[in-house]
Amino acid sequence: EFVDLSLGQVVVSRGSDIYLQMLIQDNFMHADLHPGNILVQDKAAQLDPEENGDRTPEDGRSTRVVLVDAGMVAKLLPSEQA
């Protein structure tokens, strides 16, 4: 089964944003990040077209990328942040 190219682009873009925020802004690293720990929730596919229901996340976009299993994490040292 093929994934819609536009969905793939959204996942890559949001995934990059999430990872960079973790490293640069939050000083946090998910130490076990692999495809099994990345979930993609395409809310547009789940919404009733007749209903103007809630489209998540809060910014109004319909696709959510979720990182799970934060059992292995690391806090970066100042020397590692440079």
In nm, give the distance between the simple-model label positions of residue 26 and residue 77, each being 7 Å from the Cα along the Cα-to-Cβ direction. 2.3
How high is the FRET efficiency between residue 7 and residue 69 when r is their beta carbon distance and R₀ equals 25 Å, given to the nearest 0.05? 0.65
Taking 28-38, 71-81 and ranking on average Cβ neighbours within 10 Å, highest first, one gets 28-38, 71-81
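Each reported figure results from applying straightforward, stated rules to the coordinates on display, with no laboratory input. Owing to the predicted nature of the structure, the values given are computational and were not obtained by experimental measurement. Here Cβ is always computed from backbone atoms with ideal geometry, including for glycine, and neighbour counts include all displayed protein chains.
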